[in-house]
Each structure stands twice: as C-alpha cells, then as structure tokens.
Amino acid sequence: MPTLEGTIERITFQSELDGYTVVRLTPRGKSYVVTAVGRLLGIRVGETLELEGEWVDHREHGRQFEVSAFRALMPATVDGMRRYLGSGLIKGIGPVTAKRITETFGKYTLDVIERTPDRLTEVPGLGRKRVEVIKQAWREQQHIKEVMLVLQDLGLSPGLAVRIYKHYGDAALEVVRGQPYRLADEVYGIGFLTADAIARGMGVVADDPRRIGAGLRYALSQATDDGHCYLPADELITRAAALLEVSLYQATVALGDPAITTNIERVEIDRSDTAPTDAVYLAPLAHAERGVAAAIRRLTHAPSAMAAFYRAANWPRVFAYLADRHAIALTERQQAAVQMALTSSVSILTGGPGTGKTTTLRTLMTLLRARGYRAMLAAPTGRAAKRLAEAAGVEAKTIHRLLEYSPRGETSFKRNADMLLECDMLIVDEASMLDVLLANHLLKATPTTAHVLLVGDVDQLPSVGPGRVLRDLLACPDVPRVHLDAIFRQAAGSGIALNAQRINRGEPPHYKGLDDFFFFAAAEPERCAELVVDLVVERIPRRFGFNPRRDIQVLTPVHRGAAGVASLNQLLQAALNPAAPGKAERVFGSTTFRLGDRVIQMRNNYDLDVYNGDIGEVAAIDAVEQTLSVRFDDDRLVVYDFSLLDELALAYALSVHKSQGGEYRAVVTPLLMQHYMLLQRNLLYTAVTRARELAALVGDRRAIEAAVANERVQQRYTGLAWRMGCSTDGNPDI
C-alpha cells in the first residue's frame, strides 16, 4: 500500500463527531504541499504523519491522498516544533510562547518538555505557575493520545477520548480495555451504542451477560428520555432484544439475574382496576418516586401552626384589609387559592397566562410577611426563577441553587434531609417542569413544618426529565388544588392570553384585529425559514423596537429540516452575528461558537454550577488557554474548557421543549405539515404562552389546525400516583 510521510501545514477541516479530516501537508524532503483526507483523530499542525492509503483524483478537489491508517511522529525540525506547540495543542502555550520555547531550546524542545519540563522556567516570560499548567496539559495530551490510538480503529471521535480521560484520568485505558460498558453508565456523551462498539472491538460477544445487562439499562435509560420512570417488563425485554439482536429468551433470562441487572429494580404495580404491571425501573427513579410519595405523606400529615392560625382567621376581614391597604382585589378563586396555600401543608395552584397567578402569589407574600413567616421561592430553570422574582417582588432561585450543590457527588446537595431548608413556606413555580428526581431532592430538604405550594400550568408540555409530578399529584384527590381560568381585565385585550385559551379549548387562534398575535403564511420549509429570519432580523425590530438578539426567541417543534433548530440557528447566527475580522470564534463539530452568540446549556454541570436550559452570551474565547466564557442571563460568568463545548448549543432558535420555564418579549414559531408527527395542542400552547408581548406563527395554517385538534398527551409510565394510593383508572397518562 502506498505511504506518505509529511508535516502538517494546515488543517482545512476536521469533524469533532467522526474525526474526518482534510489536511495540507508538506511531504518529507519536498517544498510543495499536498492534500490528505481521512479519519485523522487528534492530529495537530506541525506534527509529522506517516500515512498509508492511496492517491485518488477527486472530481471537485483534484488529486489527494485517501488515508486508511496513520501514525503520528513528533516534528523533527525546530519550525515544526514551533508550529506544533503553537497550534493550540497545549493549554498555556500560544504562538508567541511556542516561539520563545523553541528559541530557548531549539531542536531539544520536545525532549525538554517530555523529560525535564521544570527547565521551562528558563524561557523568558514563563513563571512557575504557567510551567505547571503546561506540564499538566502535556501529560494529559500524551494519555489522551494513547486512548485515541485505542479508539481510532473503532472509528470513534477524538472528543470521546478527551471525555474518557477527563473522567478516569490515568485509569482511562484500563477501563476502556477491561470494563467498556462502564463508559455508558459513567461518562456523559457516551451512550450504550458507543460503549458497545468499543466492547465489540475488544472481542465481547453478542450474548455476553455484561452486554445484555448494559443493554437492559440502556433501554431503560432511553425510556427516561421519553419521560418514562419505568417500562413494563415485557416491553423492556422486547426493546432490549431488538437493540442487542439477541433472543427474547436471552433478554428474559438476563432480566431475572440479579448479578447482571445491577442498578435495576422490579416492582409490581397493582392499581386494582387493571391487571398488575411488572414495572422495571432504573434504581434511582424507583428511589425518587418512593421519596416523593413519602415526603408528600410526611408533609400532609404533619401538624402545622401556620395552618391552625389561618384556619381560625376572619377571612372576609383579611380580604377587606388587603383591598383597603394594598389595593389588592381578588376573585373568589384567587381568595380560595390564598386560603388553601395558608391552611394546607401541600397544595397546587394552576392556571394559564393572564389568569391571576402573579397577583395571588403577591398576596400570599404580603400575608406571610405581615406575620413574619419565611418564604422561599424557586423554579426549575434560571429564566423561570427570574420571572418568579419579578412577579412576586422577592428573591427567587433555581431549585439547584436553592438546594446548594455540594461537590461530594454529582447529585449531592448541601440542603437535604440532614440540613433542611429554613422556611415556613416553599413556593415552586413552573411545577409542570418538575421531574421526579429533582422533586425528590427538593421535598426531602423541605421541613416537615413548612407548607409547599406548587404553581404551574398543567396544559403545557410535561417535564423534559422522567415523570409527571404535577399531573400525578393532581390525580390524588387528597391534595388540595385551585384552578384559575378567568382572564383579567389587563390581559383581556391580549391576543396571546385569549388565543392560549382558545387553543386549550380546541379552537384555532384568531388573528384579525390583534396587535400582539400574528400569522404569516409560508407552507414551504425553505420559504418558512426565510420568513422567520426576516421577521426576527428586520420586521419585528423595525415595527416594535425589540432587540433581535435578546428580545426575540424562535421556538420550533423539530430539530432537523429547513425550519428546525439546527438550520435556523445557522441562518440566524449568520444574520445577527456574522463572522468578521478579529472576531474570535471556535469550531466544535458542526457548530461555530462566535463572540456575542446566544447559547444554551444542554445538561446539568454541577461543577460549573450551570444547568440544563440556562441561556447566556459568549463573552470571550481564549485560544491559548483553550477556554470559552459565557455570561449567563443572571450575570454570572462561566468559563468552559474547549473539551466541554458539547454541553453548549446556539440559542437563537430553541425547541419548544427547551423553552419551558422561559418568557420572551416576542416569540416566533414555525409550524409546517412536515412537523405533523409532533404537532400537539400542548406544544402549540406552550410556544404561544412563552410570549409576553408578541407571538407570531409562521407556516401552514393546516399545521396550526392539526396541532389544535390533537389533544393526545404522550403516554408516560409513572408510578407516583400509585405509590400515593391514587387510582389512574388504568390509564398510564391522566
């Protein structure tokens, strides 16, 4: 097979996802450059490569060397070393520092860094602290390269090698070779399929018990992505057998073997109105459901001095006082909600936009302050907490920050059963977003003497995480609740509030005569995308004065396609924050992050204290330190290592699911018949109710009508209502 040895001059393209790379390199002993293409994981400018492959003539790009295998050689020339070190490979070394190092040590540069790195203090401008950073970064890179070499033949990306090393350190290779299925359970970004590819490459056979056990856990994990807390055993066995390409018998036997099914629990759910369900849980979800049910029972049955006081109150006099002294006039249902929250240990307040939830909460805070009671306000996301604080006029926190994360473990919080929250009432807004895991952490940290009020809109999309806590609690008649449904005078002229109610009733929205609710016809996907961009960039800012980058949010049902999240983000980024000379940017996979971009955090990162759904703006990109800084909406500056950039995504366009808990001055939503499988009433309702001042629907009127007509709620397997002794009439979704 032909071989080629040369030094990399430029990396023209490299995919973080699969490692496919286009490079320009100078062959050994030549003065010209050639093009090589292939899966070249972990290479850097200045490196010398020994390539195997063949020369081909590409129809568009001309003659190039297609690589089938390669070996990286350390650069042999001083100039090659300078470019190699200055390529961004080593944190703490940029082009200027690389030049100083090579000028100091010449052809011995790499030998010094490898064998006697403390000599780097001889380089002008390099202090001891910077040298320690360089030493650590160099050591990490050598280990990462070792992991890459193992993964290379399996076709896996360099980004995964970095993640594996960051998680396991020097034990990374030992885990990859000896316990590959641990990767799926323990390393973010590596699912079962990737771990299975590694394991199969290491010789693990299809019916290996370790593989089947990992496949069962993966099938359950996939189910949690759809909101399920468990799967019926028969359904789990069917899914796992198809995934693993093993027989139903083999999957059934494995599920019954405790040695294989670690971290899995089986529970027989008997609702008395249906046949018992053999429910199979991932252990943390079973634990969370038990915890939520136990906490609700504990709070409900505990004596409450607050409840005793307010049950004896002269309520007509209280409401007259509020009207006279605070100009607060409440409807009968709002009055009932206030009484309920103060006289019941656990209660629920629901209602759509413009129905008076904010006034009810302000009234509650007024009465609590008057008696010296301590209230804590929280919401699942930063945006929702900010809105709650503005509405109630007091501080509100995200649930994660309220519980005070502790670095003892990924889900350890300082506030827990041993160190309770210090409050007399806990108010949780946007409770429809509460998944069962977060609800368990929150409720076990709630004092038995405190009241809990869950506030939400049950007609919105359910939580992104597993469970449907609000719906399950509403299925229990013993939990007091008040539903607000009257549109208030200040919202009566709002097309957003009126159309939200119409959508909920199964009626198509009105458009005529409204100055805050619009429809723009564009039935073709490409035309729809163009119109969305035009509305965001030109029309809405020109007419209403909104800032297109901070006030207007695009919400779409889908991720792919011309009117999906990915495509719209690229179009909006190009229009609102284009590339420019001197504007820093960093390419990661298929995404370019640019100074000034709006970005969203895609998972909880407890170490950085940022959480799924947090939105901010790229404030700095440092190629030398290999960091990207984001200033979030609460004005916190968070610094990301480049290896963590898969936790971020552009946020000019979001999925409707990702928008939950947020509120924006203007919302633009594309809806097309191509989205038919995802068009649901609660999805459209959620999108519309995220808009505070203006909502615009773009697309096909038939798609809007289809969404309104589809009131089907996606089925979720949850056992919370059953654990609380409440029937769901055999329907796994209420």
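The values are calculated or read from the model by the stated rules, or taken from the named source; none is laboratory data. Just so we're clear, the structure is a prediction, and the values are computed from it rather than from any experiment. Methodologically, a virtual Cβ is constructed for each residue, glycine included, from the backbone with ideal geometry; neighbour enumeration extends over all protein chains shown. Quick note on the areas: whole protein, heavy atoms, side chains included, nothing else; ligands and nucleic acids left out. Shrake-Rupley method; radii C 1.70, N 1.55, O 1.52, S 1.80 Å.
For the pair Arg374 and Glu530, a Förster radius of 51 Å applied to the C-beta separation gives a FRET efficiency near 0.45, rounded to the nearest 0.05.
Using the per-residue mean of other Cβ atoms lying within 10 Å as a proxy for protection, in what order, highest first, do the peptides 51-58, 620-627 fall? Can you show the working numbers first?
Details: 51-58: 14.0, 620-627: 16.9.
The peptides rank, most packed first, as 620-627, 51-58.
Divide the volume of the convex hull around the Cα atoms of the range 628-713 by the residue count and you get 121 Å³ per residue. For the peptides 597-603, 296-302, the ranking by packing is 597-603, 296-302, with the highest mean count of neighbouring Cβ atoms within 10 Å listed first. Can you bin the range 345-469 into rounded, prolate or oblate? Criterion: square roots of the alpha carbon gyration tensor eigenvalues sorted a ≥ b ≥ c, rounded for a/c under 1.5, prolate for a/b above b/c, oblate for the rest. In terms of gyration-tensor shape, oblate. For the residue pairs Lys91/Lys658; Lys166/Lys414; Lys135/Lys658; Lys107/Lys145; Lys99/Lys129, the alpha carbons lie more than 31 Å apart in Lys91/Lys658; Lys135/Lys658. Computed 3J(HN,Hα) for the range 519-536, one whole-Hz value per residue from the Karplus formula 6.51 cos²θ - 1.76 cosθ + 1.60 where θ = phi - 60°, is 10, 10, 6, 6, 6, 8, x, 5, 5, 4, 4, 4, 5, 4, 4, 4, 5, 5, glycine and proline marked x. Solvent exposure of the range 388-484 amounts to 35 Å² per residue of accessible area, where only protein heavy atoms count and the probe is 1.4 Å.
The shape of the chain can be summarised by an equivalent ellipsoid whose semi-axes, obtained from the alpha carbon gyration tensor, come to 50, 31, 27 Å from longest to shortest. In order along the range 127-142, the phi-based Karplus estimate (6.51 cos²θ - 1.76 cosθ + 1.60, θ = phi - 60°) of 3J(HN,Hα) comes to x, 4, 5, 5, 4, 5, 4, 5, 4, 5, 5, 4, 4, 4, 5, 5 Hz; Gly and Pro are listed as x. Scoring 167-180, 432-445, 306-319, 350-363 by mean Cβ neighbours within 10 Å over their residues and listing the highest first yields 432-445, 350-363, 167-180, 306-319. Partners of Lys357 within straight-line reach, counting aspartates and glutamates whose Cα lies under 16 Å from its Cα and excluding those fewer than 8 residues away in the same chain: Glu332, Glu390, Asp429, Glu430, Asp457, Asp459, Asp485, Glu663. Taking the 1.4 Å solvent-accessible surface of the chain as the whole, the part contributed by carbon and sulfur is 50%. For the chain, the list of Cys residues with no other Cys C-beta under 4.7 Å reads Cys229, Cys423, Cys528. Think of a 1.4 Å ball rolled over the protein heavy atoms: the range 17-122 then has 51 Å² of accessible area per residue.
Taking every protein chain into account, the accessible area of the range 213-343 amounts to 49 square angstrom per residue (probe 1.4 Å).
Karplus-derived 3J(HN,Hα) values for the range 639-652, using 6.51 cos²θ - 1.76 cosθ + 1.60 with θ = phi - 60°, are 9, 9, 5, 4, 5, 9, 5, 6, 7, 10, 9, 5, 10, 5 Hz; glycine and proline are entered as x.
How high is the relative contact order of the chain? Use alpha-carbon pairs under 8 Å, at least six apart in sequence, and give a whole percent.
About 11 percent, as a whole number.
Spin-label model, Arg28/Ala620: points 7 Å from Cα along the beta carbon direction are separated by 4.3 nm. Global size of the range 444-488: 12.8, 36 Å for Rg and Dmax (C-alpha atoms, Rg to one decimal, Dmax whole).
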